[in-house]
Amino acid sequence: MSSRDFHDTSIDALLRAQARTYGNRVFVKENARVWSYAEAEEHAGALAGGMRALGLAPGDRLAVILPNLGAYVITAFAAAWAGLILVPVNVRRSREELLARLSKTRPRAVVTFSDPDEFKGMDHLQAVLDLKAGLPDLEHVIAVGAVGRGAIDWDDLSRSNPRPPAPMADAQRPAAILHTLGSSGEPRGAVLTHRALVRNAAGIAQTLECSSNDVFLGAVPLTNAFGLAPTILACAVSGAQLVPLKRYNPGLALALIASAGVTVHHGVPTMFALELNHPDFHSESCRSLRTGIVSGAPCPPELVTEVRQRMGCNLLIGYGLTEASPSVCLTRLDDGPVTATQTVGRPMEGVEVRVVGPDGATLPTGQEGELHVRGYNIMQGYWEDDEATRQVLVDGGWLRTGDLAVVDADGPLRILGRKDDVINRGGFKVHPGTIEMVLRSHPAVRDAAVFGIPDVVYGEITCACVVRWPERQAPVEALLSYLRERLPDYAVPDRVLFFDALPRLGSGPLRMAYLRERVRIRGAAWKFGKNIDTDAIIPARRCNTSDPRELAQYCMEDADPEFVHKMRRGDVIVAETNFGCGSSREVAPITIRAAGISAVIAKSFARIFFRNAINIGLPILECPAAVDGIQQGDEIEVEPATGIVRNLSRAKVFQAQPYPEFLQRIIERGGLLGYVEERLADVGK
């Protein structure tokens, strides 16, 4: 059968067709448990009959909270057969995230499991049972491998009523609700049809030139779009074998590749990097690998090249999103080295793309704009969220992706980053995704996030937050040198900060607003003693300019001649009693801000930097213990709202005195002028 035979097929019809063609071939192999295509059809049909016997009707939602197990694969086909809408939930979701998804979709049944030892103490079955009282639509809890405890046994359910229901014929009906996060961080459920998912999978299988001789590795979570269409369904379209990895671990993945003879390996860039850097990696153990897709995050060209050379895998780069079922573009097996490593290839058959400017007009080749997608694969909409749907589906079915892209002259597409994330640094557009991609290609970097923060000189500056591998402690200068070799000078981050872990919304995306606030006032300490006047450290002879760059250049040069060369934007002044008290020059505080100083930690509010700080809204914190406990060069993080001062270099935390109420209001308004204008406005009311 060709891929075109699956252009208008439901998920359950796909399994029945492949059971007729490949009946005795292995479909799913999970350790000692094996399902042939015929056995998978029989089990899925019986399970569908059992669920219908419980009273579940076509259109009801069936939530599934399972790791990468054969049971998940069978359940997905059973839900389709019974006419239920599948609602997969990643096992890494917290209870709060789980509740949000179940409350929104209101499933009548949940299929889950219990293995707290394997999943960091999280008992998913118990979590569902605990939440059940607050979910009035939830009637049945079905457990895989966990008998009793108020749940229906998954195996018993399929044996209780082995007669499958009559197939549902309409491939245009909803098959799954897959959650994605909007800009607010709230989950939105993309409603995807049978036809969209199966046809997308068929196109992927065709591009990868898959056959019944292939063995797919189930490494990505099968509960997300990457796991459903490119993995489960593309494997079924090919009549191939799937070996699911219950929980991703690079060592276990390498072992399974070798033992199962895996030929198709999908993953996010981090997975391939972990495998290449694992002590158990040996090129000869990967000799069975043929191809696969890397997607889900920007992928460094060096990583694609390394996978091809060291793993012997003709890796393709994919671009997609949950709302597009999910694949939009793929490179091809015979692409040249530039297209194959630096682009996301060309659109899938039946999928259109356009690049749109701010005015909504389609841009010509080579110009940067927002990527729009249209085709059979686009979602019906967000589940019960018409307003969110209207925001992204425009002009007769075009999906606004929110991603910036450019189409090369010869056709391939390049993804530049998220539209809302672009940093405008002194008039230059900086794409965080590109910098993150290069950072993650450094062998010492485990994770990275790049974003812009306000700056008086450049408008915005670029900040990179980096998590390093514990055994590979690259200093800041080493990372900056690495970036300078690979990026334009304006795109090299102004600041690089190290974190043990980046803050996330549960197991999902980064808490960017929180991270921005944390790094906005974080830097090295510059310590000054008593009776230092700002007029003395900002030479008057050089302050007869309004250019903030020139002002910043001379800031404090008399106090420390090397200051301008060593200071980073975001650094903090730590001051003794009479620092800056006598200055009446307006240019002094402006210069301090232009230089990038973000806060002052002082022993007393009484006179420290008082006039200068309130003029420009610079946060000052009164904390004698912090001043005494900080040494020159220590890495300091300040939270003005809470008065917290952290000396990250010495693992000490200090609590500053609360701001006087009027000073807090001045700082919140950005300085004395803003405060006075607000007070005058209040008087006039």
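Figures for the structure shown
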read-out: Inter-site label distance for ALA641 and TRP469 at 7 Å from Cα along Cβ, in nm; value: 3.7 nm
read-out: Peptides 636-643, 339-346, 513-520, 105-112 ordered by average Cβ neighbours within 10 Å, highest first; value: 105-112, 339-346, 636-643, 513-520
read-out: Order by protection proxy (mean Cβ within 10 Å, highest first), peptides 221-227, 141-147; value: 221-227, 141-147
read-out: Computed label-point distance, nm, for sites THR362 and VAL653 using a 7 Å Cα→Cβ extension; value: 5.6 nm
read-out: For segment 422-519, alpha-carbon Rg over 2.2 N^0.38 Å; value: 1.03
read-out: Rough spin-label spacing in nm, given labels placed 7 Å along Cα→Cβ, for LEU480 and SER103; value: 4.6 nm
read-out: Calculated FRET value between ARG568 and ALA444, using beta carbons and R₀ = 25 Å, to 0.05; value: 0.80
read-out: All Cα pairs of segment 169-225, percent lying beyond 13 Å; value: 72 percent
read-out: Segment 3-404 - convex hull of alpha carbons, volume per residue in Å³; value: 137 Å³
read-out: Cubic angstrom per residue, convex hull over Cα atoms of segment 117-246; value: 185 Å³
read-out: ASP334/ARG159 FRET efficiency (R0 35 Å; Cβ-Cβ; nearest 0.05); value: 0.10
read-out: Placed amide H near VAL445: partners under 5 Å, 5+ positions off or other chain; value: TRP469
read-out: Least to most buried among SER283, SER158, SER604, SER94 (fewest other Cβ within 10 Å first); value: SER283, SER94, SER604, SER158
read-out: Neighbour-count order for THR389, THR9, fewest beta carbons within 10 angstrom listed first; value: THR389, THR9
read-out: Packing-based exposure ordering (other Cβ within 10 Å, fewest first) of ARG92, ARG20; value: ARG20, ARG92
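Since every read-out is calculated from the coordinates, none of them should be taken as a lab result. Fair warning: this is a prediction, and the values are worked out from it, not measured in the lab. When we count neighbours, we look across all protein chains shown, and the Cβ atoms used for this are built from the backbone with ideal geometry, even at glycine.
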